[in-house]
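Let me begin by presenting the structure, written as structure tokens, before commenting on it.
The values are calculated or read from the model by the stated rules, or taken from the named source; none is laboratory data. Here the structure is a predicted model, which is why all the values come from computation and not from measurement. Neighbour counts run over all protein chains shown; Cβ positions are idealised from the backbone, glycine included.
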Amino acid sequence: MKTNNPVSASVIKRLPRYYRFLGELKNKGTLRISSRELSDMMKLTASQIRQDLNCFGGFGQQGYGYNVAQLHAEIGQILGVDKGFRTIVIGAGNLGRAIATHINFSTRGCELIGIFDRDPAITGEQVGDLNVRHVSELESFCRQKKPVIAVLCIPKAETQEIAERLVTLGLKAFWNYSHYDLSIDYEDIVVENVHLGDSLLTLTYRTKEITG
């Protein structure tokens, strides 16, 4: 489902939370839920939930609320979980291996098809269902398999170069775990920078506030 009007980044960031909470309700056998009940669960206002969902059309019914399974499926479609975007991981160190083996890509709109590293010593090692390939194989692999998304688990100094290399090979999106705020001068490329250290610092700030 697409919308003709631009959707704010804050709404987009809330969509996965809606999808996760609705998935939990669906698994519990909940058939329907009101915006007020959903707001209590998610610690959002009912008005905020209605405004967010109205960005993509009307899903609820007055006096009935939301059909949980239907809304879960609709938000999944909005998020693209049915797309199966071909995805590769660059960097087969501890973080890359953890992401490749513990993230359920298939339920999040992706199909993990390759993992690469520059270290020849680990080429051929098995990570999950995949064998580590050397980065020298990127060109031939991408021409044949046509991945769309790359997960970057590489040192900061290597990030910009490898990203630009991947863009020339047709990749369109980056889930970037390096410490480099990836900025690519292409209008049709999307980047999600993930800073785990920043998240921890946010936690320490909030802990400081409640502990004095």
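Restricting attention to the stretch 118-129, does a residue exist that is in contact with a Leu (Cβ under 7 Å, 6 or more places away or on another chain) and of a type outside the set (S, T, Y)? No, that holds for no residue.
For (1) modelled with pLDDT under 95; (2) assigned by TED's automatic domain parsing to the domain that holds E161; (3) touching a Lys or Arg at 6+ places or on another chain (Cβ under 8 Å); (4) hydroxyl-bearing (S, T, Y), each residue gets a yes or a no:
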{"residue": "G60", "(1), (2), (3), (4)": "yes, no, yes, no"}
{"residue": "Y66", "(1), (2), (3), (4)": "yes, no, yes, yes"}
{"residue": "V89", "(1), (2), (3), (4)": "no, yes, no, no"}
{"residue": "C110", "(1), (2), (3), (4)": "no, yes, yes, no"}
{"residue": "R118", "(1), (2), (3), (4)": "no, yes, no, no"}
{"residue": "Q126", "(1), (2), (3), (4)": "no, yes, no, no"}
{"residue": "V135", "(1), (2), (3), (4)": "no, yes, yes, no"}
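Among the strands (runs of 3 or more DSSP E) confined wholly to the stretch 48-142, which include 2 or more residues that are closer than 26 Å to F174 by Cβ and without any contact (Cβ under 8 Å) to a residue 24 or more places away in the chain?
On the way: elements: 85-90, 110-117, 130-134.
Strands (runs of 3 or more DSSP E) meeting the threshold: 130-134.
Note on the stretch 92-113: residues that are at positive phi and more than 14 Å from the chain's Cα centre (by Cα) amount to 0. Screening the candidates N94, N54 for the property of being surrounded by fewer than 17 Cβ atoms within 10 Å (Cβ to Cβ), assigned by TED's automatic domain parsing to the domain that holds V148 and of a type outside the set (F, W, Y) yields one hit, N94.
Can you confirm whether R14 is surrounded by 12 or more Cβ atoms within 10 Å (Cβ to Cβ), basic (K, R) and either at pLDDT below 90 or touching a helix residue (DSSP H, G or I) at 6+ places or on another chain (Cβ under 8 Å) (or both)? Steps first, please.
Details: surrounded by 12 or more Cβ atoms within 10 Å (Cβ to Cβ): yes; basic (K, R): yes; either at pLDDT below 90 or touching a helix residue (DSSP H, G or I) at 6+ places or on another chain (Cβ under 8 Å) (or both): yes.
Against the criterion (surrounded by 12 or more Cβ atoms within 10 Å (Cβ to Cβ), basic (K, R) and either at pLDDT below 90 or touching a helix residue (DSSP H, G or I) at 6+ places or on another chain (Cβ under 8 Å) (or both)), R14 qualifies.
Of all the listed residues (T202, T168), the sole one being modelled with pLDDT of 95 or more and either out of contact with any strand residue (DSSP E or B) (no Cβ under 9 Å at 6 or more places or on another chain) or not aliphatic (A, V, I, L, M) (or both) is T168.
Report yes if L200 is surrounded by 10 or more Cβ atoms within 10 Å (Cβ to Cβ) and part of a helix (DSSP H, G or I), otherwise no. Answer is yes for this residue.
Against the numbered list (1) without any contact (Cβ under 8 Å) to a residue 12 or more places away in the chain; (2) in a helix (DSSP H, G or I), A163 comes up short only at (1).
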